[in-house]
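In what follows, a single structure is set out as structure tokens and then discussed.
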Amino acid sequence: MNRELPFEQRIFNAEACQTVEEYKARHAYLHGAGYSREEWDLMWLNSPNTTWAHQFGRMVGWDEVYLNNVFHMDRQVVTDKFGMMETFPQLMGHDIRSVCAGGCHALTSDVIEISDDGKFARASFLTPGTLMGVIGMDGHHRGGFWLWERYGSEFAYVDGKWQWFHEQVCPDLAGDYDKGNWAHDRYLDYLDRDLTIGEVGGRPAQLTEPGLIHADYSITQIVQDTVHPPVPFQTLDDDNTYSKGRTDPTGEITIQAGPATKFGPYNPDENPFAHVKARED
């Protein structure tokens, strides 16, 4: 934080930091419980420049972010859970979205900066996570996996309140519980070409900017410093953002994007981004 700001502005910025921490904590809980609508309906900014990025690329605009993270996610979860209930009838009667959900994203090592003009907040978090449920990822056996990710988050102060503006999730490492030595197994998988850089992330239904924008750990390169911690800044611009060209909350000033790429029905055994080249920027 800029210590040369007026005392009132410094108090405002300190309260903004508390709000950012609260939003991130709410996200960690709601995401783990499968409550997508409760997050995006209450905390996010409805703007053409709102973005959400992962390993596979960047979703652009409120409509696309909501389509993937709420509508598509809820539809897929409900479809999967009804299928599981046919095999495990004891699941009937429970919350259709969070039954069997066991995600826990701890938040550590946060760095938060509020702009000097008081209109934007930038933050980075480490998030060691664990996902485990009564029914494992294959739908038949108890199981779970661990992961290590980083969050690059940005918020805008609009209409008298802080709202989530940009998010970039960077998965670095992941592995199954009780399955050998994850590092050695990963090494063998790369040698056998059974694993491709970019497979830690999932996939959306629609994406405006597909491409490998964050590379997870591999035997050929170090983990990418994609969402480095923010430093004190005057305002959100292309020199201080995780989503270049989309720093205007109104959406009136933005970069032009081509038509979104739409993908077919979700297939958990298929990674449509396995052969996408890493972006050089």
Long-range HN-HN contacts of residue 103 with modeled amide H, under 5 Å: 132
Which loop-located trypsin sites (Lys or Arg not before Pro) does region 1-93 contain, where loop means any DSSP state but H, G, I, E or B and the Cβ has at most 10 other Cβ atoms within 10 Å? 3
Which ³J(HN,Hα) values, rounded to whole Hz and listed in residue order, are derived for region 76-83 from phi using the Karplus coefficients 6.51, -1.76 and 1.60 in 6.51 cos²θ - 1.76 cosθ + 1.60 with θ = phi - 60°, glycine and proline given as x? 5, 4, 4, 4, 5, 5, 5, x
Heavy-atom accessible area of residue 125, protein chains in place, probe 1.4 angstrom, given in Å² to nearest 10, is 10
On a C-alpha basis, how far is the centre of region 222-249 from the centre of region 39-101 in Å? Whole number, if you could? 26
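Please work out the ratio of the alpha-carbon Rg of region 1-76 to 2.2 N^0.38 Å and round it to two decimals. Before the final figure, lay out the partial values.
Values: Rg = 15.6 Å, N = 76, 2.2 N^0.38 = 11.4 Å.
Rounded to two decimals, the normalised Rg is 1.37.
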Could you give me the ³J(HN,Hα) list for region 14-19, computed from phi with Karplus coefficients 6.51, -1.76, 1.60 and θ = phi - 60°, whole Hz, x at Gly and Pro? 5, 5, 5, 4, 5, 5
Phi-derived 3J(HN,Hα) across region 222-229 with the Karplus relation (6.51, -1.76, 1.60, θ = phi - 60°), rounded Hz, x for Gly and Pro, is 7, 4, 7, 8, 7, 10, 5, x
Violating pairs (Cα-Cα greater than 30 angstrom) within the set 81/161; 81/179; 81/119; 81/244: 81/161; 81/119; 81/244
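The values are calculated or read from the model by the stated rules, or taken from the named source; none is laboratory data. Keep in mind that what you see is a predicted model, and the values were worked out from it rather than measured. Here the Cβ is made from the backbone with ideal geometry for all residues, glycine too, and neighbour counts use every protein chain on show. Note: areas computed on protein heavy atoms with side chains; ligands, DNA, RNA excluded. Shrake-Rupley method; radii C 1.70, N 1.55, O 1.52, S 1.80 Å.
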